[in-house]
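Asks: Here you go, one structure.
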Amino acid sequence: MRRLSDAESALWAKVIASVRPIHGAAPRAGSDPPAREPVTTTPPRLPARPVAPSITQPARPQPGVTLDGSWDKRLSRGLVSPDFSVDLHGHNLATAYSLLDARLEQAIATGARVLLLVTGKPPTSRDRPVGRGAIRAAVADWLAASRHAGSIAAVRGAHPRHGGLGALYIVLRRRRS
């Protein structure tokens, strides 16, 4: 901790002298303010272990982080054919979410591995004032908060053959018997 310079100490003394307590008795006029001990700024030490065990739910896996390299190569080359396709063109946010949720449930129930989600291309910089791309922008949050998030292994951009920038692959986890 550095020491205050003489100018800083003088300024600090003026600040301290101008401070009055909010509650309680005000100091008498002409009396010197009580001397204060220097304040140390060492942070409090945290215990090494929690005092009481806390009960936490296991973290749900986040979509998009569990694919191996071979899956990524196959997806980027367009070698994977989707088992289901969902086109969200012409929907508002509420109906798009409902349709996506229903199709995810259907794909998981049938044991599908890849779902093609067509959202439309993201807006370009000249399209931004129009307000397009709301569904595309919300998809990542929807999938992360979905009741099906534990069944999603990854979300990747689609190959141009399947829609390119306007579509996403949702790779579902393999069901264990």
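FYI, it's all coordinate maths here, none of it is from the lab. Predicted model only: the values in this text are computed from it and were never measured. Ideal geometry is used to build each Cβ from the backbone, glycine not excepted, and the neighbour counts take in all protein chains shown.
Asks: Nearest 5 percent is fine: what portion of the DSSP beta bridges confined to region 69-172 is antiparallel?
Replies: 70 percent
Asks: What's the exposure ranking of Thr95, Thr110, going from fewest to most Cβ atoms within 10 Å?
Replies: Going from sparsest to densest Cβ surroundings: Thr110, Thr95.
Asks: Amide H neighbours of Ser85 under 5 Å, counting only residues 5+ apart in sequence or on other chains, H built in-plane at 1.01 Å?
Replies: Leu116
Asks: Given a Förster distance of 45 angstrom, what is the FRET efficiency for Ala94 paired with Ser70, based on the Cβ-Cβ distance and rounded to 0.05?
Replies: 0.75
Asks: Leu172's amide H: which non-local residues (gap 5+, or another chain) put their own amide H closer than 5 Å, with H modeled 1.01 Å from N in plane and none for Pro or chain starts?
Replies: Hits under the 5 Å cutoff: Val114, Leu115, Ala153.
Asks: Step through the residues of region 138-155 one at a time and calculate ³J(HN,Hα) from phi using the Karplus curve (6.51 cos²θ - 1.76 cosθ + 1.60, θ = phi - 60°), rounding each to whole Hz and writing x for Gly and Pro.
Replies: Working through the residues one at a time gives 8, 4, 4, 5, 4, 5, 5, 9, 5, 5, 9, 4, x, 8, 9, 7, 6, 10 Hz.
Asks: Looking at the square roots a ≥ b ≥ c of the eigenvalues of the Cα gyration tensor of region 69-172, which shape do they give, rounded for a/c under 1.5, prolate if a/b is larger than b/c, or oblate?
Replies: Verdict is oblate for region 69-172.
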